[in-house]
1. Of (1) outside any helix (DSSP H, G or I); (2) under 21 Å from Val117 (Cα atoms), Thr8 satisfies all except one. Which?
2. Restricting attention to region 141-163, and to residues there that are of a type outside the set (A, V, I, L, M) and over 19 Å from Met22 (Cβ atoms), which single residue is most open to solvent (accessible area, probe 1.4 Å)?
3. Quick one: Glu209 ticks every box in (1) part of a loop (DSSP other than H, G, I, E, B); (2) open to solvent by less than 20 Å² (accessible area, probe 1.4 Å); (3) within 19 Å of Leu318 (Cβ to Cβ) except a single one, so which number is it?
4. Please count how many residues of region 118-140 are outside any helix (DSSP H, G or I) and buried (at least 16 other Cβ atoms within 10 Å of the Cβ).
5. Check region 175-188 and report whether any residue there is in contact with a His (Cβ under 6 Å, 6 or more places away or on another chain) and either among the basic types (Lys, Arg) or open to solvent by 10 Å² or more (accessible area, probe 1.4 Å) (or both).
6. Can you tell me which residue among Glu14, Glu9, Glu29 is acidic (Asp, Glu) and over 18 Å from Ala196 (Cβ atoms)?
7. Which condition number does Tyr165 fail, the rest of (1) within 17 Å of the chain's Cα centre (by Cα); (2) closer than 30 Å to Ile242 by Cα; (3) among the aromatic types (Phe, Trp, Tyr) being met?
Amino acid sequence: MGMSTPFTEHSGVEHPIICGAMYPCSNPELVAAAANGGGMAILQPVSLTYVHGWDLREGIRYIRSLTDQPIGFNALIEKGSKKYIERMSEWIDIALEEDIRFFVTSLGKPDWVCERVHAKGGFVYHDVTTRKHAMKGIECGVDGLICVNNRAGGHLGTDSAAAMYAELSDLETPLICAGGIGSEEELAEVMAMGYAGVQMGTRFIATSECNSPDDYKQAIVDAKEEDIVWTNRLTGVPISVIRSEGYQQENSWMMRKWLSSRWKHSARMFLNFLSFTKLRRLEKGKGSTAKKKEFFSAGKSVETVHSVESATVIMARLGQSLA
């Protein structure tokens, strides 16, 4: 039996661990493998459909053929094009129709997601980096908060795990620590603070079921904490990456101007598309290894990642360490 927390009660999983949604790393096999280890694995619909080539409904059913454990859904709801919001709304309906009942919202105002998910008996957790964002999420009816700290991979916060817990623990809602968790020791430390669970990403990239390039996985295994830096060049907002020979922190002055304009959402979509296109070209053997590493997002938990293992084994081992 795993550790019981409000999060495990909401999600229906054995262990209070989330394999976070990752673009473009959340391939179906990884999601299923992490779920089979007893934790909550979150599918990323943009990654599933545009990167891995699945129709969303068929992709969910394929994951279901690989695991009978609960899985979750990541809804990126930042204001953007009308077409994108309509597509995300349709995807949420499909996920609910396919019996997904745990949702993680990122960016945007999640009130409409909460209304729809709660009507089906599900739960919504919301990504936050500040108390201001946390309060807005609670006002919208979210059931828990994913607290993204300054050790996270991907989009990162500015405060430590301890500082975020101290700032948000009075809100009387389950808090999930996101950032800097790669080992049993780090997991035990944040759970002892009072968190209801953790969200991990970097550790699950360096797994046999993740279909990201082997160079990416090896870069995570080889990297140390001091190798993790941040850049705006991938998405227009700070994102953690492994330092490389071609590393640059800021965008060109023209891109910065675009990102600060009324068309900032379009600028960020363009940067995401550009980064994905470059990564896919590099995966096909075009470009040097040094250049590849410019696009390797990872958090400071790389310090405790020493090998490529099965996501199922990692999830089960971490969860059992809490029992």
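The values are calculated or read from the model by the stated rules, or taken from the named source; none is laboratory data. Note that the structure is predicted; figures quoted are calculated from it, not measured. Glycine also receives a Cβ, built like all others from the backbone with ideal geometry; neighbour counts cover every protein chain displayed. Accessible surface is based on the protein model in full, side chains and every heavy atom, while ligands, DNA and RNA are left aside. Shrake-Rupley method; radii C 1.70, N 1.55, O 1.52, S 1.80 Å.
1. Result: Thr8 fails condition (1) only.
2. Restricting attention to region 141-163, the residues satisfying the condition of being of a type outside the set (A, V, I, L, M) are 141, 143-144, 147, 149-151, 153-155, 157-160.
Pick out the ones that are also over 19 Å from Met22 (Cβ atoms) and you get 141, 143-144, 158-160.
On the way: Gly141: 28, Asp143: 34, Gly144: 0, Thr158: 111, Asp159: 67, Ser160: 48 Å².
Looking at residues that are of a type outside the set (A, V, I, L, M) and over 19 Å from Met22 (Cβ atoms), I get Thr158.
3. For Glu209, the exception is condition (2).
4. Residues of region 118-140 that are outside any helix (DSSP H, G or I), as a first pass: 119-130, 140.
The next check asks that each one be buried (at least 16 other Cβ atoms within 10 Å of the Cβ); those that pass are 122-130, 140.
Number of matching residues: 10.
5. no
6. Of the residues listed, the single one that is acidic (Asp, Glu) and over 18 Å from Ala196 (Cβ atoms) is Glu29.
7. Every condition holds for Tyr165 apart from (1).
Rundown of residues vs (1) modelled with pLDDT of 95 or more; (2) of a type outside the set (A, V, I, L, M); (3) over 23 Å from Ala33 (Cβ atoms), yes/no style:
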position: Ile181; (1), (2), (3): yes, no, no
position: Arg203; (1), (2), (3): yes, yes, no
position: Ala206; (1), (2), (3): yes, no, no
position: Ser212; (1), (2), (3): no, yes, no
position: Glu225; (1), (2), (3): no, yes, yes
position: Asn232; (1), (2), (3): no, yes, yes
